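Participant: Here it is, the structure, as structure tokens.
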Amino acid sequence: MSRLEGSQQSFWKTEAGPVHYAKLSKDLEVDTAVIGGGISGALTAYLLAKAGRSVAIVEARDFSAGSTGGTTAKLSSQHQLIYHEMLQRDGLDVARKFYDANEEGRKLIESISKEHNIDCDFTEEDAYVFTQDGSHTESLKAEAQAYDEIGIDGGMTNSIPIDFDVSSALVMRKQAQFQPVKFIHGLLKAIEELGGKIIQHTRYMDKEEHDDYLVLTTNTPYKITCKQVVLATLFPVEDPHSFYSNTMEPMSSHLTAFESDQPFGTGVYIGQDEPRRTFRGAYDGDQPILIVGGNTHRTGNKSSTIDHYEAIRQFTKAEFGLTKMLAYWSEHDMVTPDRRPFIGPIEEGNDKMFVMTGYNKWGLAVAGTAAQLICDLIEGKENSYAEFLSPQRDLPKKEEKEDQPSILEQAKQLSKGEAKRFEINEEASGMYRDHTGDIHYVNLTCTHLGCEVKWNDGDETWDCPCHGSIFDGTGKVIAGPAKDPLKQIDVS
């Protein structure tokens, strides 16, 4: 298809405009160097400077060039559905502590923005997870029960405060949204006022370790000498024993910004149906904007990125009537086995190098708590989250893949006329054995507006629960509104 309309830069970056800081131009000596200019690094540098330490924050590209500048910018403890899972796997104390970590982080960000009069469009909003076709109502109810056990202000509802049809939804009250790049820009000014050094377009390359200090080499002729270094990057630029490579998985999502003729309304939203959609309102000056995202997948799979944006564009047109796409961009993050970030010493016993990574696509709120934890560890203070977020904590064991039948083995078990759902590259897929014995593999995303089709074993068809399209077992269209067949996939 032709190139998409709009800018390929995040709306938040364009709307906030650039900031101008110099490259490293001489050797520098500080107590702590923070590598990474997103919200984790900026908050950590700010708290360290406020505690009286000399600090430098060093960004290889532009500030907010990574995950922070690419997010939907929800400051929320509602991470889609997570608390029922945590209760079942880890128990009540862990689930409640995770909620508290996010709440404390969100409140810290709000407090800092008020203290320094940072104009970052901070507003309190209720957060919603919804299902349109009703297929995830029971999952929402289970999560609502977890809310009750933990003491979270929220619960089930059949309506939401915008013109958007849902079957049911789960609300978490008193969450927030903001403009993350504007917040970072304001935070950088506060760091400077506290004596911190702001360094841009300077890449960390390596380290020289000494008994009481580190010497960091960069892509400039100059070096930074420090007592500690904090790696607040998407993936740690140091990875002892390949722990982080072997433990985390990279995920990507795709976002868009649409011009609207009226304000969006209240609330921040994410769907539980596949393909998942997330949206919220914003402004560009007085111009109302709708931010719409989704289509999360493992980074680097073979799916077309343009197809992801096109699917989001079609969804936005169908549900909101908006067609003018101002910007589109991708966002990337790392996922940990237990859905808690890795915050703390990079390895056991290392008191000079710290990491902040693995935010599981929901890092904005908890970044405040993470930054306070790093500050306390460096200051030698107690912090109740030290073990809870430590990279050295016990982690769930990965499921052994050999214990799971391969896709081809599952297909062999199908009888004629039978179908089965499976996932490949985290995308909903289906397999079907026709009455001659041949197997057909299809992507289960309806080609009309992107809902996930469901198997109808009585008619041997893939049926769309959203708008009624019907496809035969091989993916051919039987009844519209869809015009194109389901996409065939290669599982070999």
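The values are calculated or read from the model by the stated rules, or taken from the named source; none is laboratory data. Fair warning: this is a prediction, and the values are worked out from it, not measured in the lab. When we count neighbours, we look across all protein chains shown, and the Cβ atoms used for this are built from the backbone with ideal geometry, even at glycine.
Participant: When the residues of the stretch 359-373 are narrowed to those that are closer than 12 Å to residue 43 by Cα and of a type outside the set (A, V, I, L, M, F, W, C), which ends up surrounded by the fewest Cβ atoms within 10 Å (Cβ to Cβ)? Walk me through how you get there before you give the answer.
Facilitator: Kept after step one, since they are closer than 12 Å to residue 43 by Cα, are these residues of the stretch 359-373: 364-373.
Next cut, of a type outside the set (A, V, I, L, M, F, W, C) only: 368-369, 372.
Details: 368: 27, 369: 26, 372: 21.
Looking at residues that are closer than 12 Å to residue 43 by Cα and of a type outside the set (A, V, I, L, M, F, W, C), I get 372.
Participant: Shifting gears a bit: Going by the conditions given, is residue 5 farther than 30 Å from residue 379 by Cβ and either more than 23 Å from the chain's Cα centre (by Cα) or outside any helix (DSSP H, G or I) (or both)? It would help to see each step written out before you state the result.
Facilitator: Numbers: farther than 30 Å from residue 379 by Cβ: yes; either more than 23 Å from the chain's Cα centre (by Cα) or outside any helix (DSSP H, G or I) (or both): yes.
Criteria met by residue 5.
Participant: Right, another one. For the stretch 235-247, how many residues are surrounded by fewer than 20 Cβ atoms within 10 Å (Cβ to Cβ) and either in contact (Cβ under 8 Å) with a residue 40 or more places away in the chain or closer than 30 Å to residue 314 by Cα (or both)?
Facilitator: Our first condition is that a residue be surrounded by fewer than 20 Cβ atoms within 10 Å (Cβ to Cβ); within the stretch 235-247, this holds for 235, 237-243, 245-247.
Right, trim to either in contact (Cβ under 8 Å) with a residue 40 or more places away in the chain or closer than 30 Å to residue 314 by Cα (or both) and you get 235, 237-238, 240-241, 243, 247.
Residues flagged as surrounded by fewer than 20 Cβ atoms within 10 Å (Cβ to Cβ) and either in contact (Cβ under 8 Å) with a residue 40 or more places away in the chain or closer than 30 Å to residue 314 by Cα (or both) within the stretch 235-247 amount to 7.
Participant: So, in the stretch 107-140, exactly how many residues are part of a helix (DSSP H, G or I) and either among the polar types (S, T, N, Q) or in contact with a Lys or Arg (Cβ under 7 Å, 6 or more places away or on another chain) (or both)? If you could, list the steps in order and put the result at the bottom.
Facilitator: Within the stretch 107-140, the subset part of a helix (DSSP H, G or I) is 107-115, 137-140.
Going one step further and asking which of them are either among the polar types (S, T, N, Q) or in contact with a Lys or Arg (Cβ under 7 Å, 6 or more places away or on another chain) (or both), we end up with 111, 113, 137, 139.
Adding up the residues that qualify gives 4.
Participant: Any residue in the stretch 251-267 that is among the hydrophobic types (A, V, I, L, M, F, W, C), over 15 Å from the mean Cα position of the chain (by Cα), crowded, with 20+ Cβ neighbours inside 10 Å and in a strand (DSSP E or B)?
Facilitator: So far as the stretch 251-267 goes, yes, one or more of its residues are among the hydrophobic types (A, V, I, L, M, F, W, C), over 15 Å from the mean Cα position of the chain (by Cα), crowded, with 20+ Cβ neighbours inside 10 Å and in a strand (DSSP E or B).
Participant: Kindly evaluate residue 4 against the criterion of being under 29 Å from residue 282 (Cα atoms) and modelled with pLDDT under 95. It would help to see each step written out before you state the result.
Facilitator: Details: under 29 Å from residue 282 (Cα atoms): yes; modelled with pLDDT under 95: yes.
It is true that residue 4 is under 29 Å from residue 282 (Cα atoms) and modelled with pLDDT under 95.
Participant: For the stretch 458-490, enumerate the residues that are out of contact with any Asp or Glu (no Cβ under 6 Å at 6 or more places or on another chain) and of a type in the set (Gly, Ala, Ser).
Facilitator: Those that are out of contact with any Asp or Glu (no Cβ under 6 Å at 6 or more places or on another chain) and of a type in the set (Gly, Ala, Ser): 458, 468, 469, 475, 479, 480, 482.
Participant: Quickly run through the stretch 188-208 and pick out the residues that are of a type in the set (Ser, Thr, Tyr) and either touching a helix residue (DSSP H, G or I) at 6+ places or on another chain (Cβ under 9 Å) or part of a loop (DSSP other than H, G, I, E, B) (or both).
Facilitator: Here is the first cut: in the stretch 188-208, the residues of a type in the set (Ser, Thr, Tyr) are 202, 204.
Passing the criteria: only 202.
Participant: If you don't mind, another one. Which residues, counting only those in the stretch 434-457, are in a strand (DSSP E or B) and touching an Asp or Glu at 6+ places or on another chain (Cβ under 6 Å)? First the steps, then the outcome.
Facilitator: From the stretch 434-457, those in a strand (DSSP E or B) are 439-443, 445, 452, 454-456; that's our starting set.
Result: 452, 454, 456.
Participant: Taking the stretch 52-73, which residues are surrounded by fewer than 23 Cβ atoms within 10 Å (Cβ to Cβ) and not small (Gly, Ala, Ser)?
Facilitator: If the condition is that a residue be surrounded by fewer than 23 Cβ atoms within 10 Å (Cβ to Cβ) and not small (Gly, Ala, Ser), then 53, 61, 62 are the ones that fit.
Participant: Same structure, new question: Could you grab me the full set of residues in the stretch 479-489 that are modelled with pLDDT of 85 or more and surrounded by fewer than 16 Cβ atoms within 10 Å (Cβ to Cβ)? Give the derivation first.
Facilitator: Step one: of the stretch 479-489, the residues modelled with pLDDT of 85 or more are 484-489.
Correct list: 484, 485, 488.
Quick grid of which residues meet (1) part of a loop (DSSP other than H, G, I, E, B); (2) more than 27 Å from residue 122 (Cβ to Cβ):
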{"site": "31", "(1), (2)": "no, yes"}
{"site": "34", "(1), (2)": "no, no"}
{"site": "45", "(1), (2)": "no, no"}
{"site": "61", "(1), (2)": "yes, no"}
{"site": "69", "(1), (2)": "no, no"}
{"site": "78", "(1), (2)": "yes, no"}
{"site": "81", "(1), (2)": "yes, no"}
{"site": "87", "(1), (2)": "no, yes"}
{"site": "97", "(1), (2)": "no, no"}
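Participant: Hey, could you check the stretch 192-202 for residues that are touching a residue at least 40 places away in the same chain (Cβ under 8 Å) and more than 13 Å from residue 33 (Cβ to Cβ) and say which is surrounded by the fewest Cβ atoms within 10 Å (Cβ to Cβ)? Break it down into steps so the answer makes sense when it comes.
Facilitator: Narrowing the stretch 192-202 to residues touching a residue at least 40 places away in the same chain (Cβ under 8 Å): 194-202.
Applying the additional criterion that residues be more than 13 Å from residue 33 (Cβ to Cβ) yields 194-195, 200-201.
Values: 194: 18, 195: 12, 200: 21, 201: 15.
It comes out as 195.
Participant: Given the criteria surrounded by fewer than 15 Cβ atoms within 10 Å (Cβ to Cβ), modelled with pLDDT of 95 or more and among the small types (Gly, Ala, Ser), does residue 151 qualify? Before the answer, list the steps.
Facilitator: Values: surrounded by fewer than 15 Cβ atoms within 10 Å (Cβ to Cβ): yes; modelled with pLDDT of 95 or more: yes; among the small types (Gly, Ala, Ser): yes.
Taking the combined requirement at face value, the residue satisfies it.
Participant: Output the residue which, of all residues in the stretch 320-334 that are in contact (Cβ under 8 Å) with a residue 60 or more places away in the chain and surrounded by fewer than 17 Cβ atoms within 10 Å (Cβ to Cβ), is nearest to residue 12 (Cα to Cα).
Facilitator: My answer is 332.
Participant: Same structure, new question: Which one of 405, 396 is of a type outside the set (A, V, I, L, M), assigned to a loop (DSSP other than H, G, I, E, B), modelled with pLDDT of 85 or more and surrounded by fewer than 18 Cβ atoms within 10 Å (Cβ to Cβ)?
Facilitator: Residue meeting the stated conditions: 396.
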